[in-house]
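Colleague: Dumping the structure here so I can ask a few things about it.
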Amino acid sequence: MISAATLKWMQVLQAGGRQWVQLELDADLLRQAAEEEGFTCKAETRQRSIVLDLAAPDREGPLLVFDGADPANTGWFARCQFYVDARSGAVMQTPFFLANLPDAHGRINPRGVRLQILTELPIHARLPGRQPVTEKALFAVYVTLLRGLSQNGVALCGKGAVQPLTGRPEPARR
């Protein structure tokens with residue numbers, strides 16, 4: 001189990017009249033947490049974010065990313081903790097962006113997602129429950145999102161670039 005004490009400190013940056021929180025997340029700790037939750041994980045550290053390719057190839061069914069507007073998913077919608085804007089991939093109330101992960105043939109992989117975690121945020125940013133952004137709090141939200149993908153469900157709101165991985169398939173467009 002990963003200890004929150006192993007997380008690094010964050011910095012406050014001044015850019016003109018604005019202040020930003022610079023999180024110093026460790027990509028290896030994020031990868032390790034994903035593996036503890038049953039995912040394989042490739043991590044890439046970028047200048048202002050960390051991008052994780054998460055896959056659960058041994059999972060029997062798809063990850064639990066579903067269409068929140070589909071009446072057949074009402075039970076899932078009531079249980080989930082995370083809602084994703086399907087157009088932008090923004091995971092609401094977090095600095096996360098979710099995208100579908102293609103398989104080797106370029107089709108949507110039902111057992112994988114790409115997750116981008118922003119590491120530079122406005123100082124007034126808040127996480128779910130209006131808690132201030134710290135590495136420890138962000139790490140806890142990240143682990144909860146991983147569990148949502150595999151156990152509780154993550155709801156897509158609207159139509160857009162991010163496609164559901166479970167539930168009724170979209171009709172083919174002609």
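The values are calculated or read from the model by the stated rules, or taken from the named source; none is laboratory data. Remember, it's a predicted structure, so these values are computed and weren't measured experimentally. We place every Cβ from the backbone using ideal geometry, glycine too, and count neighbours over all the protein chains shown.
Colleague: Can you report the number of residues in region 73-84 which are of a type outside the set (S, T, Y), touching a strand residue (DSSP E or B) at 6+ places or on another chain (Cβ under 6 Å) and either modelled with pLDDT under 85 or surrounded by fewer than 19 Cβ atoms within 10 Å (Cβ to Cβ) (or both)?
Modeller: 4
Colleague: I've got another one for you. Please go through region 127-141 and give me each residue that is touching a strand residue (DSSP E or B) at 6+ places or on another chain (Cβ under 7 Å) and touching a residue at least 12 places away in the same chain (Cβ under 8 Å), ordered by number.
Modeller: In the first step, residues of region 127-141 are kept if they are touching a strand residue (DSSP E or B) at 6+ places or on another chain (Cβ under 7 Å); the result is 132-133, 137-138, 141.
Selection gives V133, L138, V141.
Colleague: Based on what the data block shows, is G148 buried (at least 20 other Cβ atoms within 10 Å of the Cβ), more than 27 Å from Q22 (Cβ to Cβ) and under 14 Å from the mean Cα position of the chain (by Cα)? Please lay out each step first, then the result.
Modeller: Working: buried (at least 20 other Cβ atoms within 10 Å of the Cβ): yes; more than 27 Å from Q22 (Cβ to Cβ): no; under 14 Å from the mean Cα position of the chain (by Cα): yes.
When the stated conditions are applied, G148 does not pass them.
Colleague: Name the residue that is modelled with the lowest pLDDT, counting only residues in region 5-55 that are among the β-branched types (V, I, T) and either crowded, with 16+ Cβ neighbours inside 10 Å or over 15 Å from the mean Cα position of the chain (by Cα) (or both). Write out each step before concluding.
Modeller: Let us first name the residues in region 5-55 that are among the β-branched types (V, I, T), namely 6, 12, 21, 40, 45, 50-51.
Okay, now just the ones that are also either crowded, with 16+ Cβ neighbours inside 10 Å or over 15 Å from the mean Cα position of the chain (by Cα) (or both), so 6, 12, 21, 45, 50-51.
Details: T6: 39, V12: 73, V21: 84, T45: 96, I50: 98, V51: 98.
Within region 5-55, the match that is modelled with the lowest pLDDT is T6.
Colleague: Let me ask another. If I ask for residues that are free of Cβ contacts under 8 Å to residues at least 12 places away in the same chain, part of a loop (DSSP other than H, G, I, E, B) and basic (K, R), which ones from region 25-49 would you list?
Modeller: R46
Colleague: Shifting gears a bit: Yes or no: L52 part of a strand (DSSP E or B) and closer than 25 Å to Q32 by Cβ?
Modeller: Values: part of a strand (DSSP E or B): yes; closer than 25 Å to Q32 by Cβ: yes.
So L52 passes the test.
Colleague: Being without any contact (Cβ under 8 Å) to a residue 12 or more places away in the chain and part of a strand (DSSP E or B) is the filter here, so list the residues in region 83-120 that pass it.
Modeller: Within region 83-120, A90, P102 meet the criteria.
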